[in-house]
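One structure is given here, and the rest of the page talks about it.
The values are calculated or read from the model by the stated rules, or taken from the named source; none is laboratory data. Keep in mind that this is a model prediction, so the values were computed, not measured. Note that each Cβ is placed from the backbone with ideal geometry, even for glycine, and that neighbours are counted across all protein chains shown.
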Amino acid sequence: MTTLFTSDHEWLRIDGDVATIGVTDYAQSQLGDVVFVELPKVGRSLKKAEAAAVVESVKAASDVYAPISGEVLEVNDALTAEPALINSDAGGKAWLFKLKIADRSELDGLMDEAAYSKHTA
Amino acid sequence: MLARDQQSELRHTPLHALHLARGGKMVSFAGYEMPVQYSTGVLREHLHVRKSAGLFDVSHMGQIALRPKSGKIEDAARALERLVPQDILAIAPGRQRYAQFTNEAGGILDDLMVANFGDHLFLVVNAACKADDEAHLRAGLSDVCVIEPLTERALIALQGLKAESVLAKLCADVAAMKFMDSGRRRIDGVDCFVSRSGYTGEDGFEISVPAERVETLAEALLADSAVLPIGLGARDSLRLEAGLCLYGHDIDTTTTPVESALEWSIQKSRRTSGARAGGFAGADRILPQLENGASRRRVGLRPEGRTPVREGSSLFADVISPEAIGTVTSGGFGPSLNAPVAMGYLPSSHAATGSVVFAEVRGQRLPTRVGAMPFVPSTYKR
């Protein structure tokens with residue numbers, strides 16, 4: 001499994017033709033305490049860069065954009081009940097949604113872990 | 001993120017170094033670089049104030065002394081009554097009162113605290129308005145008063161359940177103070193102006209300190225294990241839960257004190273048939289509204305779901321009508337309520353507690369109930 005990153009601080013875990021998407025630990029540290037998460041509907045077809053989810057802290061709402069195009073296969077309902085999972089485990093249990101990858105060439109522009117570390121340094 | 005050149009133009013309070021040392025995440029606010037939160041984070045900072053105590057730097061706010069040229073405090077009080085609809089003459093020595101500067105249209109130029117210090121009045125005004133307020137005071141009162149901005153003083157607020165027990169260790173006198181008492185006290189050997197007030201809905205104190213002594217006093221308060229430093233983020237969520245207005249958002253030059261649901265702050269003596277009725281800017285608009293009500297009103301809003309409803313959201317009477325009937329002026333998540341909370345303006349016909357309106361968030365209309373404020377009961381020591 002490969003993990004890729006966007007400049008908007010999302011991570012994608014690629015497993016065959018499925019991408020699991022979340023926000024990075026850096027992103028959660030910038031957001032602060034997460035109190036509300038809105039996830040896309042299963043079956044929705046997302047275009048790359050389209051607003052897909054919303055993560056809200058006490059102070060502000062932040063959009064999460066679809067890093068690649070694809071159909072939503074599954075969403076992490078645990079976040080609705082426990083939004084603070086994003087603060088405690090952004091890179092793991094707090095995944096947001098899974099996409100069926102529509103166009104693998106869209107993965108080409110994304111960063112690997114080393115490049116992302118540089119990006120947030 | 002702020003560009004560096006922008007940052008250098010921001011002013012610093014005397015506690016800037018303390019903010020940085022304590023992990024303050026600095027943001028631009030009213031021309032100052034201020035901590036929006038510390039390493040504790042907004043949510044826990046908020047909850048800590050309600051169950052223990054929090055220290056806020058509010059040194060960006062304006063502190064102004066109004067000194068009567070005649071030496072008689074009544075002259076300064078009468079003069080200030082030209083600019084505010086409150087009864088200033090009735091503020092006893094050692095007491096303070098909440099007030100608003102109004103304009104000719106009855107709108108609010110700023111909201112402020114006015115204290116009677118015996119020989120002069122002491123005013124605390126909002127940071128973003130302080131230059132305009134000073135000019136307004138000079139233009140309106142220079143015949144009677146000397147207007148002295150106290151730029152060499154810092155201002156801190158100690159708020160929360162344990163504020164009294166913490167401050168009493170440094171100044172035993174404060175335990176006897178009641179809500180809205182205000183005056184000179186010696187804290188830890190420093191001459192301060194202390195009022196039993198604040199802007200969180202909790203019991204607490206605001207302390208004006210000579211700028212060069214504030215860091216020592218702040219560190220002495222923070223040395224108490226009950227106290228954490230609290231940033232502007234939690235200050236905002238605390239005042240929102242307390243139903244208190246944020247100037248420039250919930251009240252401004254387009255809202256009158258009656259529309260803003262602040263008529264409780266206007267005493268009988270200044271109303272129609274009162275001993276000193278009217279005589280303030282905008283009286284011809286505000287006095288009839290006090291008698292008959294206004295066509296719109298600031299209300300508390302409790303969204304029924306979990307989605308936070310934020311400033312700028314339009315309010316609708318139902319899920320289909322195209323015309324908005326009101327707007328949200330402050331909103332977010334209330335950590336003590338563990339629920340979204342907001343305030344905004346609605347037509348009086350929809351402003352009764354319990355009525356349901358719909359707030360539009362990302363294209364969806366979310367049922368939102370008009371709720372009584374404060375949302376969290378206040379704990380003032382009356």
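Tabulated data
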read-out: Per-region count, segment B:228-268, residues under 20 Å from B:S313 (Cβ atoms), of a type in the set (D, E, K, R) and buried (at least 19 other Cβ atoms within 10 Å of the Cβ); value: 5
read-out: Hits in segment B:284-310 - residues which are in contact with a strand residue (DSSP E or B) (Cβ under 8 Å, 6 or more places away or on another chain) and in contact (Cβ under 8 Å) with a residue 60 or more places away in the chain; value: B:I286, B:V299, B:G300, B:L301, B:R302, B:P303, B:E304, B:G305
read-out: Within segment A:100-118, tally of residues that are loosely packed, with under 15 Cβ neighbours inside 10 Å and part of a loop (DSSP other than H, G, I, E, B); value: 4
read-out: Qualifying residue in segment B:196-211 (condition: part of a helix (DSSP H, G or I) and away from every other protein chain (no Cβ under 14 Å)); value: yes
read-out: Any hit, segment B:30-42, residues being under 23 Å from B:L167 (Cα atoms), modelled with pLDDT of 95 or more and out of contact with any His (no Cβ under 9 Å at 6 or more places or on another chain); value: yes
read-out: Flag if B:V49 is touching a helix residue (DSSP H, G or I) at 6+ places or on another chain (Cβ under 9 Å) and within 14 Å of chain A (Cβ to nearest Cβ); value: yes
read-out: Conditions (1) surrounded by 17 or more Cβ atoms within 10 Å (Cβ to Cβ); (2) touching a helix residue (DSSP H, G or I) at 6+ places or on another chain (Cβ under 8 Å); (3) not in a strand (DSSP E or B); number of the one not met by A:S7; value: (1)
read-out: The listed residue being in contact with a Pro (Cβ under 7 Å, 6 or more places away or on another chain), in contact (Cβ under 8 Å) with a residue 24 or more places away in the chain and either part of a strand (DSSP E or B) or not polar (S, T, N, Q) (or both), out of A:A19, A:A52; value: A:A52
read-out: Test: B:F193 is more than 18 Å from B:K51 (Cα to Cα), aromatic (F, W, Y) and either surrounded by 24 or more Cβ atoms within 10 Å (Cβ to Cβ) or modelled with pLDDT of 95 or more (or both); value: yes
read-out: From A:E50, A:E10, residue being under 30 Å from B:V27 (Cβ atoms) and within 14 Å of chain B (Cβ to nearest Cβ); value: A:E50
read-out: Test: residue in segment B:348-360 that is at pLDDT 95 or above, under 24 Å from the mean Cα position of the chain (by Cα) and more than 22 Å from B:T255 (Cα to Cα); value: no
read-out: Unmet criterion (only one of (1) of a type outside the set (D, E); (2) within 14 Å of chain A (Cβ to nearest Cβ); (3) part of a strand (DSSP E or B)) for B:R365; value: (2)
read-out: Output for segment B:223-274, where each listed residue is among the β-branched types (V, I, T), outside any loop (DSSP other than H, G, I, E, B) and touching a helix residue (DSSP H, G or I) at 6+ places or on another chain (Cβ under 8 Å); value: B:V227
read-out: Selection within segment B:331-340 - among the polar types (S, T, N, Q) and either crowded, with 24+ Cβ neighbours inside 10 Å or facing chain A (nearest Cβ under 9 Å) (or both); value: B:N338
read-out: Residue tally, condition closer than 25 Å to B:E152 by Cα, part of a helix (DSSP H, G or I) and not β-branched (V, I, T), over segment B:51-93; value: 3
read-out: In segment B:314-330, residue nearest to the other protein chains (Cβ to nearest Cβ) [restricted to those that are touching a His at 6+ places or on another chain (Cβ under 8 Å) and over 17 Å from B:G354 (Cβ atoms)]; value: B:S330
read-out: Of all residues in segment A:16-33 being acidic (D, E) and within 25 Å of A:A60 (Cα to Cα), the one that is farthest from the other protein chains (Cβ to nearest Cβ); value: A:D25
